[in-house]
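*Asks:* Encoded as structure tokens, here's the structure I'll be asking about.
Bear in mind these aren't lab numbers, they're just calculated from the coordinates by the rules spelled out. Model, not experiment: these values are computed from the prediction. Here the Cβ positions follow ideal geometry from the backbone for every residue, glycine too, while neighbour counts run over all protein chains shown.
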């Protein structure tokens, strides 16, 4: 992060986030062998899901409002880790920059989470 964090400290951080594909999950279930996959469904949810305007589900809000909502959500889930690693001094600036990047991305593409719902039975 542009001069807020020492390069060595930044490069030593590993915060893996990986969502497997449906095919990868199927292969792992088959390879493990204890379960039979009965059903696997894929659901997609927008990053700004849950943000409603006037309670009617209208998403006519601008990208900055949506980015602020997303930034607060991500901050709530990552701030303890980031603060422990880098200190409190950079957190506000970090998430300000994050919100700006998210606002830009929202103008370019639809940002979604993918959820896999799996029904298995034990062999």
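*Asks:* Please state, to two decimals, what the Cα-based radius of gyration of the chain comes to when divided by 2.2 N^0.38 Å (N = residues).
*Replies:* Working: Rg = 18.9 Å, N = 123, 2.2 N^0.38 = 13.7 Å.
That ratio works out to 1.38.
*Asks:* Using the number of other C-beta atoms within 10 angstrom as an exposure proxy, rank 100, 44 with the fewest first. Intermediate results must be reported in sequence, preceding the final value.
*Replies:* Numbers: 100 13, 44 10.
With the fewest neighbours first, 100, 44 line up as 44, 100.
*Asks:* Put a dot 7 Å past each Cα toward the Cβ at residue 22 and residue 72; how far apart are the dots in nm?
*Replies:* Simple spin-label model gives 3.4 nm for this pair.
*Asks:* I would also like to ask the following. Which order results if 48, 92 are arranged by neighbouring Cβ count within 10 Å, fewest first?
*Replies:* Details: 48 21, 92 10.
Least crowded to most crowded, the residues run 92, 48.
*Asks:* As I understand it, the value is the acute angle between the Cα axis of helix 63-86 and the longest principal axis of the Cα atoms of the chain; what does it come to in degrees, rounded to 10?
*Replies:* Taking Cα atoms only, the helix is inclined about 90 degrees.
*Asks:* Okay, next question. In whole percent, what relative contact order does segment 15-122 give with Cα contacts below 8 Å and a gap of six or more residues?
*Replies:* Numbers: 96 pairs, mean separation 50.1, N = 108.
Across segment 15-122, relative contact order equals 46 percent.
*Asks:* Relative to the longest principal axis of the chain, what angle (0 to 90°, nearest 10) does the C-alpha long axis of helix 91-108 take?
*Replies:* Long axis of 91-108 versus the principal axis of the chain: about 60 degrees.
*Asks:* Compute the helix-to-body angle for 22-32: its Cα long axis versus the longest principal axis of the chain, expressed 0 to 90° and rounded to tens.
*Replies:* The two axes meet at around 50 degrees.
*Asks:* Using the number of other C-beta atoms within 10 angstrom as an exposure proxy, rank 45, 34 with the fewest first. Can you show the working numbers first?
*Replies:* Working: 45 11, 34 8.
In increasing order of surrounding Cβ atoms, one gets 34, 45.
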